[in-house]
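Below is one structure, written out as structure tokens; comments come after it.
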């Protein structure tokens, strides 16, 4: 259903701005008149513009934190028997980001016009993801929206906490590697050419190690621009391949096999699967539907295929654990716990235990990665700089010895 941005006056003459949904401009105006608003301006808003407005108003992390906070407050108010429209009005007045304020006001207006809460938030995927939408839909269908929102808050908080730990483990090593590459390129393209020009002016054949450094530096300065130019189409082809199912699957499988970091990525994928499935089952969603939602948010094509296979097995009356174990993403111990949970009817509790266990081991693994990668990068950087220094100073010492004789 189309969305329209409006500017209107309320019964006190105060100007209001927001969004309203209607089959046509006339229907949107009738909706606003029903809210005792006098329309001054009404403009259609495309779906892409809505998504862009939500997607770029803030960083993704900040957006998630804002949604978590308003969901926590909304759950509290719903549990206290506050009307949904009244709660949304309060939240829209408290929101810091103006884009979020407009989104909440628009949702409130649509709820007042008779739309369900789930149908309203579905129009803003930049703010509310598939899991959020699915759980809200279940909460409305069962009449337990407040309890479902509480489950959603717990899920979002755990997910953000775990992802924060994973990112902290990956960002620092990446920064160190970038610094190492930047320092090396600076030395090879700016410092080394000046020093080698002095060496070559002496007219003496430089040592092999120095000649290698000179050739490498000359190649970078002469053809560096060509390397950058060639990298553009290569990067474009790589990004296009990620848009295909086969290319995405191959890249996600490669990420899982990266030494040290691959294990951390694998744990992140399994933890996301466990916490998401546990939250959906706890909210009252059937297993097959829960797996369908989980397959869309795993963040890894290998895991997505495994979850889809598990869903097919569930539909055929088989188990979930086997296709997860065969995927290679879920380890034997975790798949065994899931299998036990299926047999005993305590799958939700087992999934929660899996997520908690991964969260605890992630802390240890993050510390290990930081303690290992930092000295390795520093040593490699020292070796590169040391090689450059030796290669440049060796002929200078030889020239100096000849001069002293």
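Assorted remarks:
- Failed condition for residue 341, given (1) surrounded by 18 or more Cβ atoms within 10 Å (Cβ to Cβ); (2) closer than 22 Å to residue 160 by Cα: (2)
Matching residues to (1) closer than 30 Å to residue 374 by Cα; (2) loosely packed, with under 15 Cβ neighbours inside 10 Å; (3) under 18 Å from the mean Cα position of the chain (by Cα):
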residue	(1), (2), (3)
179	yes, yes, no
182	yes, yes, no
187	yes, no, no
195	no, no, no
205	no, yes, no
216	yes, yes, no
220	yes, no, no
246	no, yes, no
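- Residue in region 89-99 that is within 22 Å of residue 65 (Cβ to Cβ) and surrounded by 22 or more Cβ atoms within 10 Å (Cβ to Cβ) present: no
- Contacts under 6 angstrom Cβ, first residue in region 25-50 being assigned by TED's automatic domain parsing to the domain that holds residue 103 and at pLDDT 75 or above, partner surrounded by 13 or more Cβ atoms within 10 Å (Cβ to Cβ) and assigned to a helix (DSSP H, G or I), 6 or more apart: 39/29; 39/32
- Hey, residue 170 under 26 Å from the mean Cα position of the chain (by Cα) and at negative phi or not: yes
- Count of region 358-382 residues which are buried (at least 16 other Cβ atoms within 10 Å of the Cβ) and at pLDDT 75 or above: 2
- Screening residue 239 against (1) in a loop (DSSP other than H, G, I, E, B); (2) exposed (fewer than 12 other Cβ atoms within 10 Å of the Cβ) leaves a single unmet condition, (1).
The values are calculated or read from the model by the stated rules, or taken from the named source; none is laboratory data. Please read these numbers as outputs of a predicted model, since none were measured by experiment. Because the Cβ atoms are built from the backbone with ideal geometry, glycine has one as well, and the counts that use them run over all protein chains shown.
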